Amino acid sequence: MSEGAAKKEDRRKFQAIRGTRDLLPPETALWNRVEQTAHEVFYTFGFAEIRVPIFEPTELFARAVGSDTDIVSKEMFSFTDPANVIKTLVQDALQAGLGVDVKNIDHAFQSSSEEKVQFISLRPEATASVCRAYIEHGMQQLPQPVKLYYTGPMFRRERPQKGRYRQFYQIGAEVLGGSDAPAIDAEVIEMVMTFFDRLELQGVQLDINSIGCRDCRPKYVELLRAELLKVKDKLGPDSQRRIETNPLRVLDSKLESEQGIIATLPHIADHLCEDCAKHYAEVKHQLQLRGVMYRENWRLVRGLDYYMRTTFEITAQGLGSQNAVCGGGRYDGLVELLGGPPTKGIGFAIGEDRLILSLQESGKAPAPQGRDVYIAWMGERAHATAVRAAKDLRKAGFSVELPPVEQKFGKALGQADKLGARFALILGDNEVASGEWTLKTLADGSQQKLTESQLLDFLRKL
Ligand code: HAM
């Protein structure tokens, strides 16, 4: 590289990687409000927070979400962990009674077999991790069901567009253990709807479906496959492939040309076994009991393999094509699949990015908050008073801006205006000497004289 090129390279501006983004103020205030509301609402339903790692063994997601799903087969960010390989090799060597020196490790490393390498993935979702944690910490010993919720980033290598990112955030909840009573399904859905209601999310539409169980679904899938084979030529390449891999996913198709054909396919509701049909009917009854409005959508199958029986999705206004703001369903058997005891499970995850987008589009975002008080000070004695005043006002919970260096009052007031401060507290020699401080209301320019305790009283009463 020439010197010139190297210099140019040095000056390269870094940018966030495609599909990731910075969340900046004042928008972050809305994120905080949303998360705070989730903590409050979920608490009232008896849920407690769990925090699980950002990365896990790839195998966990492959087994839980399904290795043929788009998420696992195409979208995971995966890597190997060389340090872990070495650790495994050291353990193996010690167990075998061999000494560990760098030469040994190097040799072992060269001859290590593939399975020693641990494959790791950034989590594309968190249900698998929560189930892993449930097993790992013996949570089946706790009073059942265990009700957990989480918030945090997930990672999927999808084509970025509005409402679809490679690092996105979910707020999710899982109910594990106990029974599969339809009232649990309904209460979980009621909780999300209460949360959305509290946030005044607009245009909320809940779709529900039942996709049956291990007994009835395979029969329906075979029926679907047979029907799809009859019309194979009229389907696009994706759906044609899915006839073999996962015919249910054909129902998900958004292709205009396939809609007419899909409308003629058999509905799963007509092919549920007696238990599943009863369960589904009772879920609907339980939703009605709770005043939760829903729409039945027989095409709602979801893109993750672990679901059975109840599935649901919620859409909201202002999101364009990526309008699913929440997805969830029942996954009895997943804990067992991951090596735990037979355990019932149901949960959901909300796409927080989309939730925020929808709130912003409908004007529900709070106005940016300025400082409460800007302290305009001049002179050494005033500075000492200003430092003390800032401490007291902050202790009382007010947002205070204390300029670090002296500036003329005119400049300070201009700065206070720019920061959107509500009041300017003016502290000069006169104020310090008299103990009467000047408080200026920036909206109308009015001023008043207040002692320190009067100032606190005045601000508290606002
Ligand atoms: P999911 O449908 O894959 O389900 O994701 C849930 C929600 O996350 C979606 O409805 C959407 O709002 C949001 N989301 C997904 N991918 C992206 C993306 N690339 N960019 C922005 N938002 C996205 C699950 O993840 C399941 N674990 C839900 C669950 C929990 N089921 C049972 N328990």
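Taken together, the values in this text are just the output of simple stated rules run on the coordinates, not laboratory data. What you see is a predicted model, and the numbers here were worked out from it, not measured in a lab. Neighbour counts run over all protein chains shown; Cβ positions are idealised from the backbone, glycine included.
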Practice item. About the Cα centre of the chain, how large is the charge dipole given +1 on each Lys and Arg Cβ and -1 on each Asp and Glu Cβ? Please answer in debye to the nearest 20. Key: 1060 debye
Revision key, fill the gap. Between Leu265 and residues 5 or more places away or on another chain, the pairs with built amide H atoms under 5 Å apart involve none
Check your understanding: By count of other Cβ within 10 Å, fewest leading, how are Lys234, Lys284 ordered?
Key -> Lys234, Lys284
Point to revise | Cα centroid of region 434-454 to Cα centroid of region 390-414, whole Å | key: 13 Å
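Give me Rg/Rg_expected for the chain, where Rg uses Cα atoms only and Rg_expected = 2.2 N^0.38 Å with N residues. Can you show the working numbers first?
Working: Rg = 29.3 Å, N = 462, 2.2 N^0.38 = 22.6 Å.
Compactness ratio reported: 1.30.
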**Study point:** Separation between Cα centres of region 139-200 and region 305-338, rounded to whole Å
**Key:** 9 Å
Review point. Once the Cα atoms of helix 127-136 and of the chain are each reduced to a long axis, what angle between those two axes, in degrees from 0 to 90 to the nearest 10, is obtained?
Key: 80 degrees
Study note, to complete from the structure: Placing +1 on each Lys and Arg Cβ and -1 on each Asp and Glu Cβ in the chain, then taking the dipole about the Cα centre, the residue among Val41, Gln415, Gly152 whose Cα reaches farthest towards the positive end is Gln415
Revision key, fill the gap. Over the chain, the sum of -39500 (n - 2.57) across DSSP H runs of at least four, divided by residue number and rounded to 500 deg cm²/dmol, gives at 222 nm -12000 deg cm²/dmol
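Which whole-number percent gives the relative contact order of the chain, counting Cα pairs below 8 Å spaced six or more residues apart? Let's see the in-between values first.
Numbers: 722 pairs, mean separation 69.2, N = 462.
For the chain, the relative contact order is 15 percent.
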Check your understanding: Helix 216-230 versus the longest principal axis of the chain: what angle, 0 to 90°, nearest 10, using Cα atoms?
Key -> 80 degrees
Revision key, fill the gap. Dipole check, the chain, charges on Cβ (K,R +1; D,E -1), about Cα centroid: among Gln317, Cys276, Tyr220 the Cα furthest to the positive pole belongs to Gln317
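In debye to the nearest 20, how big a dipole does region 165-232 give about its Cα centre with +1 on each Lys and Arg Cβ and -1 on each Asp and Glu Cβ? Mind dumping the intermediate values first?
Working: 8 positive and 11 negative charges, 126 e Å.
Dipole magnitude for region 165-232 comes out near 600 debye.
Is there a quick way to get the dipole size of region 371-462? I mean about its Cα centre, with the Cβ of Lys and Arg at +1 and of Asp and Glu at -1; what is the value in debye to the nearest 20? Could the numbers behind the result be given before it?
Values: 14 positive and 12 negative charges, 53 e Å.
Computed about the Cα centre, the dipole is about 260 debye.
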